[in-house]
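We did not get these values from a lab; they are worked out from the coordinates using the rules stated. Everything numeric here is computed off the predicted structure, so don't read it as measured data. Cβ placement follows ideal geometry from the backbone for every residue including glycine, while neighbour counts extend to all protein chains displayed.
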Amino acid sequence: MKNFLMVTAAFMLMCLSFSCRKIQEGMIIKGLWTLEGFYVDTFSKNMMEIFLPYYNTGNGCCRYKIDFQDDDLVTGYYFTHDTLNYLVAGTWKLIKYNKIYVKLDNYVDGEFTIEKIGNKRYEMISDSNRIKAFEVIMPHLDTAYTRIVARRN
């Protein structure tokens with residue numbers, strides 16, 4: 001009887017852990033996000049202003065959307081006004097309730113810690129994000145601290 005109770009308790013804990021992860025994945029991660037900022041290393045400048053044509057923080061003309069979908073698929077969309085200028089696909093995986101692995105385009109390839117910073121606003125922080133686009137132009141930053149600020153739609 002004691003072994004049965006231990007096995008039952010272990011099974012319930014395992015299910016609860018899986019359940020919590022699925023709830024976190026479904027309610028927090030999956031779905032559409034709007035990227036508000038992308039900061040690398042010690043730069044205070046939003047890198048979106050450097051790498052995305054016409055993007056200027058706060059001007060309202062441009063939006064970068066990220067859609068975390070089923071089957072570990074993530075897509076990024078860049079709009080200026082109503083025109084789709086850029087579309088890219090990648091992968092994602094929830095590692096723990098507050099850790100996510102994301103590989104998207106030439107700028108994101110790492111494990112990020114998710115922190116809620118406001119109503120529907122989050123930061124995803126990595127100490128070792130691999131930035132493929134920097135390999136040639138800034139090799140010292142091809143793997144760098146990265147902070148992504150995004151709003152859940």
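Listed values, structure above:
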| item | result |
| --- | --- |
| Qualifying chymotrypsin sites (Phe, Trp or Tyr not before Pro) in the stretch 30-68, DSSP loop, other Cβ atoms within 10 Å at most 14 | 43, 54 |
| Cβ-based exposure ranking for 128, 44, in which fewest neighbours within 10 Å come first | 44, 128 |
| Using distinct alpha-carbon pairs, which all enter the 1/r mean, Kirkwood radius of the stretch 31-152 in Å | 14.6 |
| Relative contact order computed over the stretch 31-152 (Cα-Cα under 8 Å; 6+ residues apart), in percent | 23 |
| The stretch 80-153: relative contact order as a whole-number percent, Cα under 8 Å and 6+ apart | 21 |
| The stretch 48-114: trypsin sites (Lys or Arg not before Pro) in DSSP coil with no more than 16 other Cβ atoms inside 10 Å | none |
| Footprinting exposure proxy for 82, 105, 70 (fewest neighbouring C-beta atoms within 10 Å first) | 82, 70, 105 |
